[in-house]
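K.L.:
Dropping a structure here in structure tokens format, bear with me for questions.
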Amino acid sequence: MFTGHSLGAGVAAILSMMFRPLYPNVKCYAFEPPGCTVSLNVAVECEPYVISIVHGNDIIPRVRDANMEML
């Protein structure tokens, strides 16, 4: 099991993807992960074992690369 908050949540999600071939039952609980950590394809692939928890209107999980370019 991996867990993390904010940037640590993004790292935990990536580590769970790396360890998934060795440990097929791996789970990741990501609290407020950054929104631009992975592509849409990767997000869909890890949906069964990465659980993201976002509270309220926190901006960090909603940040996208397109939004950053507009700024």
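K.L.:
Leaving out ligands, DNA and RNA, what percent of the accessible area of the chain is carbon and sulfur, probe 1.4 Å?
P.N.:
Numbers: 3270 of 5110 Å².
Percent of accessible area from carbon and sulfur atoms in the chain: 64.
K.L.:
Once Lys and Arg get +1 and Asp and Glu get -1 on their Cβ, which of Ser39, Val26, Gly56 lies farthest toward the positive end of the dipole of the chain?
P.N.:
Val26
K.L.:
Accessible area per residue of the chain at 1.4 Å probe, in Å²?
P.N.:
Numbers: 5110 Å² over 71 residues.
That works out to 72 Å² for each residue.
K.L.:
Next up: Counting helices only, and only those DSSP H runs with n ≥ 4, report the 222 nm mean residue ellipticity of the chain as the sum of -39,500 (n - 2.57) divided by its residues, in deg cm²/dmol to the nearest 500.
P.N.:
Numbers: 3 runs with 25 residues, N = 71.
Here the helix-only value at 222 nm equals -9500 deg cm²/dmol.
K.L.:
Output the 0 to 90 degree angle, nearest 10, between the alpha-carbon long axis of helix 7-19 and the longest principal axis computed from the alpha carbons of the chain.
P.N.:
30 degrees
K.L.:
Can you tell me the length gained on complete extension of the stretch Phe19 to Leu7, counting 0.36 nm per residue apart and subtracting the Cα distance?
P.N.:
Details: separation 12, 0.36 × 12 = 4.32 nm, distance 1.85 nm.
Result for the pair: 2.5 nm of gain on full extension.
K.L.:
Ok, one more. Dipole magnitude of the stretch 23-71 about its Cα centre, charges +1 at Lys/Arg Cβ and -1 at Asp/Glu Cβ only, in debye to the nearest 20?
P.N.:
Values: 3 positive and 6 negative charges, 21 e Å.
Taking the Cα centre of the stretch 23-71 as origin, the dipole is about 100 debye.
K.L.:
Next question. Obtain the nm distance between the two label points defined at Asp58 and Lys27 by a simple spin-label model: each point lies 7 Å from its Cα along the Cα-to-C-beta direction.
P.N.:
Between Asp58 and Lys27, the simple spin-label model gives 1.9 nm.
The values are calculated or read from the model by the stated rules, or taken from the named source; none is laboratory data. From a predicted model like this one, the values you see are computed outputs, not experimental measurements. A quick note on method: Cβ atoms are made from the backbone with ideal geometry, for glycine too, and the neighbour counts reach across all protein chains shown. The protein model used for the area step is the full one, side chains on, heavy atoms only, and it has no ligands, DNA or RNA in it. Shrake-Rupley method; radii C 1.70, N 1.55, O 1.52, S 1.80 Å.
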